[in-house]
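The block underneath contains the structure these notes are about, expressed in structure tokens.
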Amino acid sequence: MHKTLKEIAQLIEGEIVGDAGVIITGVAGIKEAEAGDITFLANPKYASLLNSTAASAVIISKDTQAPQGKSVIRTENPSLAFAKIISLVLPEQIKYPQGIHPSAVIGKKVTLGKDVSVGPYAVIEDGTEIADKAVIYSGCFIGHDSKIGRQTLIYPNVSIRERSIIGSNVIIHSGTVVGSDGFGFVTVEGKHYKIPQVGIVEIEDDVEIGANVTIDRARFDKTVIGKGTKIDNLVQIAHNVVVGKNCLIVAQVGISGSTILGNNVILAGQVGLVGHISVGDNVIVTAQSGVSKSIAANSIVAGSPARASITQQKVVACSQQLPKFFDLVKDLKKRIEDLEQRLGKDK
Amino acid sequence: MHKTLKEIAQLIEGEIVGDAGVIITGVAGIKEAEAGDITFLANPKYASLLNSTAASAVIISKDTQAPQGKSVIRTENPSLAFAKIISLVLPEQIKYPQGIHPSAVIGKKVTLGKDVSVGPYAVIEDGTEIADKAVIYSGCFIGHDSKIGRQTLIYPNVSIRERSIIGSNVIIHSGTVVGSDGFGFVTVEGKHYKIPQVGIVEIEDDVEIGANVTIDRARFDKTVIGKGTKIDNLVQIAHNVVVGKNCLIVAQVGISGSTILGNNVILAGQVGLVGHISVGDNVIVTAQSGVSKSIAANSIVAGSPARASITQQKVVACSQQLPKFFDLVKDLKKRIEDLEQRLGKDK
Amino acid sequence: MHKTLKEIAQLIEGEIVGDAGVIITGVAGIKEAEAGDITFLANPKYASLLNSTAASAVIISKDTQAPQGKSVIRTENPSLAFAKIISLVLPEQIKYPQGIHPSAVIGKKVTLGKDVSVGPYAVIEDGTEIADKAVIYSGCFIGHDSKIGRQTLIYPNVSIRERSIIGSNVIIHSGTVVGSDGFGFVTVEGKHYKIPQVGIVEIEDDVEIGANVTIDRARFDKTVIGKGTKIDNLVQIAHNVVVGKNCLIVAQVGISGSTILGNNVILAGQVGLVGHISVGDNVIVTAQSGVSKSIAANSIVAGSPARASITQQKVVACSQQLPKFFDLVKDLKKRIEDLEQRLGKDK
């Protein structure tokens, strides 16, 4: 991206206050923005961030005061305007495969929509439906009777097992496995017998899944990733997990079987969740936490086992001081012994 | 699966007490079972579970009392009967590749058994032996001089490096890597020189390995996964590790080099083990624990660093109360100071 | 490797003290060495290790005293001599692909150096440059406009996205993904908008990357892995991370976005680092630690959150004793109450 603020203001039909010639090279959130970025302020309550942001320009609402010495664009709805910039302005520097490569193995009764691209050596088994404008890179495997939604993008060497349902505008990065068998066994006299995993995986629209992620198919029924959820690399989603909408699941998180996440949940890196629990809407779990019980909506939890974040912070602060504290108690013990001696052993 | 209890009773030659028309749609352990499932009770000691299980029917031994209002099948050996149901009754909803796809690259001196299937674009290097009924999906790589056992099933995009030995009835899920080089270097003046990893990996019969697992080849000698062991997704097994028989290794576990596991060991999710230690038979390590020392057989350990689980539970309970406890000690200190003042500074 | 000590001494132009006929079958560090290994002692300060090592022979400097009953080779520079043995003597037991397989898809304007090998069904997109003696195994994907350095070795089913730069003598193990999109979103009213990730990944010379690793491309600019750094399996490197030279990053480590590592940093298994911090040269982070703040050079840190290792050891020792300690404090409380009672409530 390389545009003047003027060009951007025209695109979003906004009014510039400041230097219309500022060059914008990127977009970012107001806290993360760096020089060259344009950002936005949706809520006038956080107007103080206008002074601290490193962004070169900010989109603000008509009733927000423009900060000193910073170029802004005023517009009715800054969030909407910003979303528009993200989706329209930023260039792609990648050339996708075009058309169906002659080496792609397309099974029987496969339905291919308009403008579908399939790279070399991709294998699409019988009975699969691929909607318009989907892109499937080389080396991908799409098992029989699967569905791939419109404009979905699947990078090289992804394996999607049979009967998976993938929505529209989904992105799946390389090496990811969707629909592998859940980890289910019955143990009879020390020997583990496999419980067939005959359910499926359903990925709703607008989901992005990182590289080398694993999402297991359900035992029966389905494992679900809700609309708009974004999953980072190397995440494990076990069988029968249901992830809500617009969640953020950071790298190396593991979610055990049958656990249910609400909407807008954030799981930070390397978090682990046991099976068969519920996590309410808007919950935040901080990095490396281990969640062993259900969590009420809107909570922030931390630690392993996870507790309310505010409690965990106090526990960590205390534990940091434990060695000093042990010394203090030893000193107190001596002083008590001294007092006891002075008062004599008798009552 | 969709059978009446009567049909199942005939299959296992058992006697029904209760409703022979109950529809059974699945199997599960007695604690995990849901409506529609059939389960079993091997040990009459746990007869109380018969009342709490949600299963629609239970297989019990001839000397176990049938519970009120629950359909059961009586049989000589409930475990055996249950295993029979699992292996015989449950349908598969997947269509495997059939035969050798013409695009598969089969090297020189490769031995293919009867009814072997190899998917499109699989690559099988020179000198490999593949036993009867093995199924190798598309995009798999089998390095030279490897052995794949009878009826072993390898899902798409698995990479098995040269000279690996894979037993019979093994299942390997997509994206898994077997036989990559161990992580071994000698550091000379800050520079790391690679120690060649010229050993192999041996996977014994009846092992299941999840998706995107990594199992490194040994430096010399071999890395071993024992018969009947089940490994979940995204697990790391380093060079020269020896895993015993019938272990359960849950997702995202990491086992460092040369560590040895006994039989029937359970490692819960995200556990880490340092290298060069031994873990005895039947040990259970709870989720996210970090094991830094060898563990005696039959222990349950927890925490990082891992301790006896019962100790760890007490430590966690105490740490939870640390902030309150710190306040208590501060109060005690004041009261001691007060006592000291009242008694005077002199002895 | 199977050589007499005499043969090795000739190779490194050293002088034998002891049995020239000892058979050497491997190399290892002095602490890890086993019978059959040759090792070396660079620093005479650690001469005591000469007595405890299990190695069959040791390379020592001319001014180090030869130990009793152990065969040694004296040479000017033991480190250099040892490095020579590692690089020259050890046999490879793997047969690499030879030449360009006719099924490899080579795009337009691809430059292939001398003696390049490309396995079956590899896909090399337009505009890529592959230097002399590089080996690319079957099923690999190399995105457009990438560069692969001289003698670099890429195992099966690796995915390298567009515009990546890979140096010389790099080794990348199977299933690894280089250049996947960084995890970057802007959240507008609960919905996550993708921030395009248009930067690249640059891997410098002599790097080794394990199996199923993920290294994300930068948002702008580049994610960098410094020369000589070695990365184990299942590691996550987020966008815009810069890793210094000669670092060791053990399995299942996760490094969050924009974090910067110095040179010779060691991150043990399952460590997690938050984003936007700096880790100084020679830092060691022990297994499973969670690093939430920048770390000064030459520190050893441990725990989650990570503290100075020595502090963490004390904290762990104290926490182990917490239950006993709680009992002690309860006893002290009683004794104080007793003292207070004896002295009376009045001041």
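By how many nm would the segment from A:Asp19 to A:Asp221 grow when fully extended, if each residue of separation counts as 0.36 nm and the alpha-carbon distance is taken off?
67.0 nm
Could you give me the ³J(HN,Hα) list for the stretch A:94-111, computed from phi with Karplus coefficients 6.51, -1.76, 1.60 and θ = phi - 60°, whole Hz, x at Gly and Pro?
So the Karplus estimates, Gly and Pro as x, are 10, 9, 6, x, 10, x, 8, 5, x, 7, 5, 8, 10, x, 7, 6, 8, 9 Hz.
Sort A:Leu322, C:Leu328 so the one with the fewest other Cβ atoms within 10 Å of its own Cβ comes first.
C:Leu328, A:Leu322
Residue by residue, what Karplus-based ³J(HN,Hα) values in Hz, rounded to whole numbers, does the stretch B:314-320 have, using 6.51, -1.76 and 1.60 with θ = phi - 60° and x for Gly and Pro?
Residue by residue, the stretch B:314-320 yields 5, 4, 5, 4, 5, 4, 3 Hz.
Using only the Cα atoms of chain A, build the gyration tensor, take square roots of its eigenvalues as a ≥ b ≥ c, and label the shape rounded, prolate or oblate: rounded if a/c is under 1.5, else prolate if a/b is larger than b/c, else oblate.
Oblate.
Once you have the Cα-Cα distance between A:Ile106 and A:Gln65, take 0.36 nm times their residue separation minus that, and quote the gain in nm to one decimal.
Contour length minus the Cα-Cα distance gives 8.9 nm.
Please turn the phi angles of the stretch B:184-200 into ³J(HN,Hα) values with the Karplus equation 6.51 cos²θ - 1.76 cosθ + 1.60 (θ = phi - 60°), one per residue in order, whole Hz, x for glycine and proline.
Once rounded to whole Hz, the list reads x, 9, 10, 9, 10, 6, x, 9, 9, 9, 5, 8, x, 10, 9, x, 9.
Taking the Cα centroid of the stretch A:41-88 and of the stretch A:126-173, what is the distance between the two, rounded to the nearest whole Å?
Taking the Cα centre of each part, the stretch A:41-88 and the stretch A:126-173 sit 38 Å apart.
How many percent of Cα pairs in the protein assembly as shown exceed 50 Å?
In whole percent, the long-distance tail amounts to 29.
Sorted from fewest to most neighbouring beta carbons within 10 Å, what does the list B:Lys330, A:Lys245 look like?
Ascending number of Cβ neighbours within 10 Å: B:Lys330, A:Lys245.
Given a cut-off of 23 Å, name the pairs among A:Lys293/C:Lys293; C:Lys109/C:Lys147; B:Lys314/C:Lys314; A:Lys222/B:Lys227 whose C-alpha atoms lie farther apart than that in the structure shown.
Violating the 23 Å Cα-Cα cut-off are A:Lys293/C:Lys293; A:Lys222/B:Lys227.
Please express the shape of the stretch B:105-309 as an equivalent ellipsoid: the semi-axes are the square roots of 5 times the eigenvalues of the C-alpha gyration tensor, given largest first in whole angstrom.
Equivalent-ellipsoid dimensions as semi-axes: 30, 20, 13 Å.
Report the label-to-label distance for B:Lys114 and A:Gln321 in nanometres (one decimal), using points 7 Å from each Cα along the Cα→Cβ vector.
7.7
Antiparallel DSSP bridges in the stretch C:105-309: what percent, to the nearest 5?
10
Could you compute how fast the stretch A:244-310 diffuses translationally, taking Rh as the Kirkwood radius over C-alpha pairs and applying Stokes-Einstein at 10 °C with viscosity 1.306 mPa s? Give it in µm² per second.
Estimated diffusion coefficient is 143 µm²/s.
Would you please give the residues with an amide H less than 5 Å from that of A:Ile59, counting only those at least 5 places away or on a separate chain, with H modeled from the backbone geometry?
Those lying under 5 Å, H to H, from A:Ile59 are A:Thr39, A:Phe40, A:Leu41, A:Ile73.
Which distances, in nm and shortest first, link the C:Thr187 label point to the same label point in every other copy, taking 7 Å along Cα→Cβ?
The projected label point of C:Thr187 is separated from its counterparts by 3.9, 3.9 nm.
Computed on alpha carbon atoms, what radius of gyration and Dmax characterise the stretch B:95-166, expressed in Å?
10.2, 29
For B:Glu13, go 7 angstrom from Cα along the Cα-to-Cβ vector, then report the distances to that same point in the other copies in nm, smallest first.
8.1, 8.1
DSSP beta bridges in chain A, what fraction antiparallel, as a percent rounded to 5?
The answer is about 15 percent antiparallel.
Using only helices, what value at 222 nm comes out for chain C when you add -39,500 (n - 2.57) per DSSP H run of length 4 or more and divide by the total residues, to the nearest 500 deg cm²/dmol?
Computed mean residue ellipticity for chain C: -5000 deg cm²/dmol.
Rule-of-thumb check for the stretch B:3-88: C-alpha Rg over 2.2 N^0.38 Å?
Against the empirical 2.2 N^0.38 Å value, I get 0.92 for the stretch B:3-88.
Between exposed GluC sites (Glu not before Pro) in chain A, where DSSP calls loop and at most 16 other Cβ atoms lie within 10 Å, what's the longest gap?
Here the longest run is A:190-347.
So which lysines pass the test for B:Lys45, namely a Cα distance under 24 Å, with those fewer than 8 places away in the same chain ruled out?
A:Lys191, B:Lys31, B:Lys62, B:Lys70, B:Lys84
Summing Lys, Arg as +1 and Asp, Glu as -1, what charge do residues with Cβ under 12 Å from the Cβ of A:Pro156 carry, A:Pro156 excluded?
Combined, the nearby Lys, Arg, Asp and Glu give -1.
Could you work out the Rg to Rh ratio of the stretch A:5-164, with Rh taken as the Kirkwood radius (inverse of the mean 1/r over all Cα pairs)?
1.21
Roughly what % of DSSP beta bridges within the stretch B:3-88 run antiparallel, to the nearest 5?
Percentage antiparallel, nearest 5: 35.
Every number here is computed from the coordinates shown, using simple stated rules; none is lab data. None of the values given here were measured: they were computed from a predicted structure. Quick reminder, even Gly has a Cβ in these numbers, built from the backbone with ideal geometry, and neighbours come from all protein chains shown.
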